[in-house]
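Data first, discussion second: the structure below is written as structure tokens.
The values are calculated or read from the model by the stated rules, or taken from the named source; none is laboratory data. Not measured: the values here are computed from a predicted model. Cβ: placed from backbone, ideal geometry, glycine included. Neighbour counts: every protein chain shown. Surface accessibility is based on the protein's heavy atoms, side chains included, excluding ligands, DNA and RNA. Shrake-Rupley method; radii C 1.70, N 1.55, O 1.52, S 1.80 Å.
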Amino acid sequence: MSDTAGLRLSDLRDIAKRDLANTLDKIPGSKVVAIDPSLYNGLKLLDTPKTIFTKEKGINGLFVINETVGGDRDRYGAGTLVILMRPSIDVTKLAAAMIERFKKTESRSPIAVRIYFVPKLSLLCSHYLVEGAPELRSCIDKLELDFFTFDEDLLSMELPHAFRDLFVDGDVTSLSVIANALVRFQAIAGRIPKVRAKGYFASKLVTILKRLDQEVGEDVLATGASASGADQPPSRVSELYILDRGVDLYTPMMTQLTYEGLIDELYGIDGADFNSPFEFGAPTVPIAASQSGGAGAAAAAPLAQLGEKAIRLTSADRVLDDIRDVHSAQAGTILHQKSLSVKAFYDKKKELQQLKDIKDYMRSLPQVQETHRLTMIHASICSNMNKVSKTAPFRKSVQMEHEIILQADSTTVDYVDELIHRNEPLNKVLRLLCLMSLVNQGLKPKVYEQVRESLMLSYGIPQIMSAFYNLERVGLLTRQSGGLLAAAGLVGPLAQLTQANRPIFANMRKNCRLWVDDLNERMPDDIAYVYSGYAPLMLRVLEDMIKMWDAPPGVKSFALDGVPGERAQLSYDVEVAGGGSAAGQTVMVLVIGGITRAEIAAIRMILSGGGTGGSGAGSSVAPGAAAAAGDAGAAGRPAGGGPQDAVARRKFIIATTNITSGRRLINSLLPFDV
């Protein structure tokens, strides 16, 4: 890469596309490709349907591994079945059954099979396949696709079961997968000189990284250096901060209130794609902003059909880039300003007389038309979201969450009973119960039994018994007396997550400033805006990791020292690209176990030098706002910080095992579909 002062994540995308294309090109003849569902979203981000999985490349068919795929109708005359899958025994069983169904088509001509585990081989899964079909022994390989580039600053490994594997099953295989991914990342970006970790599994990852560093030696991490001893080039990432979800189980239980976060809450986002349940359209006149600042309802004129319902939510969409991280209540105001700007541009055409002015106008017209199209799309999304977010049930749900956080939840149990009697989705009810349990260090035994009995009557005894067991193992839902965890005598990370071992939440709320009363959602100077007052605990920890990790003795940070989770670090004497200037350096944050889109918005605010409100003695409150005049997006963007801020104007990368939400996290812990 030519960019020595920074790292372009698009380069990682190009490398992944090249590796996948080269792997498929080595297989002769026509092919059909079967993909693990958990890989599908990541592969879509490589633009594979248009560039790799095409007939020109010899791909006759493409489908997701399931119970029904196989046979003549799915073969499409191909000579080879290519399977891309995670090293998961459940998916392996589906793949083995699928291979058997395809073999039944061999009466006409045999079909070859090639299996690639992503990103590493699994002895258990390989043995299962070979035991049923010995001829597959030489057909199994690995394909090292680690990080998928979601955006210019966002990487995801697309490991949706990482949280369950680590915190419920105690399976640490994903840690070795993450460690190997980081080693390969450093082979591209250079060795990272400072690695700091907070959390049980984050610290375990540092231990694995240290071991891998000893095993692979300098040659792998020395980008561009020869094995004969050439000097290692400067690193393009100056610091890596690693956290795991166990540090903060509270935040995913809250409703995300940023624009992009609320889309995920209400409708769901698959990877980076939003599959809309409604038609995209827009009013034929400029969007009217409502008095409350939200997007106004569309005019009475018919909506214009804008084509496909699925859109890609990335920064390539410049309208989304201006509103994705703002509070959802402010998105309509920004869209209104954009629509007025577009209208003003169109009206300008009437005044043009000089040929030069006409040429300039026509040169700008395609970009403005694209802005117009995108503004209409997001106005439709915003308008439909407002129909939900302004209803009494939605407002009451958010209000209950805030009352729980403030521990003023005298009516919350009655509200939970109301949800159960209305037969609301089980994950919604469990999510609120888990938040109550976490904040209050468990539910009172009487409340616990009462709620469990009501749930069993409404949703089924086996389902609720198994759900409660898994939620207790993680520490999400327990009795105040200790519950199953204490009875089972579990140790290690599970014991650390029990309510008895957590600090009193009221102390954390005060010392970490988890609640901000005087919050300006229009021009926020604190990350608490992403949840309308609640600041994610994990990000308060991150703030102090950045500012106070090397604080002198006697200066303590409650976020670092009072929040459960071990600390670990690695340091190397490596030159950093950009020299000593913070402006030329890149900081990377890795979250194990999943991160929400609202937390991503908050991290962007922190790492771009925006407002902070950390807990430690040396933490500072952001110096204020610096919105650019005339910028349509500036009306709702988080405020920018001053030059004295520890991370002002640095580039940053956010990496995670997967993008999650309260619904996804709860669903991943349930042994049945909801």
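Taking Cα centre as origin and charging only the Cβ of basic (Lys, Arg, +1) and acidic (Asp, Glu, -1) residues, the dipole magnitude of segment 44-202 rounds to 240 debye. Each of SER339, ASN427, GLY442 was placed along the dipole of segment 339-451 (beta-carbon charges, centred on the mean Cα), and the one lying farthest toward the positive end is SER339. Between LYS349 and PHE278, the modelled label-to-label distance comes to 2.9 nm, taking each label 7 Å out from Cα in the direction of the beta carbon. Full extension of the chain between GLN367 and GLN441 gives 21.3 nm of extra length, using 0.36 nm per residue less the Cα-Cα distance.
Of the peptides 466-473, 352-359, the ranking by mean beta-carbon count within 10 Å, highest at the top, reads 466-473, 352-359. Applying 1/(1 + (r/R0)^6) with R0 = 51 Å to the Cβ-Cβ distance of LYS50 and ALA392 gives a FRET efficiency near 0.70.
From the largest down, segment 24-112 spans 37, 32, 21 angstrom on the principal axes of its Cα atoms. For the pair ASP25 and LYS356, the difference between a 0.36 nm per residue extended length and the Cα-Cα distance amounts to 114.1 nm. For segment 148-158, 3J(HN,Hα) computed residue by residue from phi via the Karplus equation (6.51, -1.76, 1.60; θ = phi - 60°) reads 9, 7, 7, 7, 5, 10, 10, 10, 9, 8, 6 Hz, glycine and proline entered as x. Here's the list of lysines a cross-link from LYS510 could span, going by alpha-carbon distance under 26 Å and ignoring same-chain residues fewer than 8 apart: LYS198, LYS396, LYS444, LYS547, LYS556. Below 14 Å, Cα to Cα, which aspartates and glutamates can LYS44 reach? Residues fewer than 8 away in the same chain don't count. Of all the aspartates and glutamates, those that pass the test against LYS44 - Cα under 14 Å, at least 8 places apart if same chain - are ASP14, ASP36, ASP151, GLU158, ASP270, ASP273. Accessible surface ranking for LYS338, LYS387, LYS510, LYS348, 1.4 angstrom probe, highest first: LYS510, LYS387, LYS348, LYS338. Taking a straight Cα-Cα cut-off under 30 Å and skipping sequence neighbours fewer than 8 places away in the same chain, the lysines within cross-link reach of LYS359 are LYS338, LYS343, LYS348, LYS349, LYS350.
Using Cβ point charges alone (K and R +1, D and E -1), the dipole size of segment 28-79 about the Cα centre works out to roughly 200 debye.
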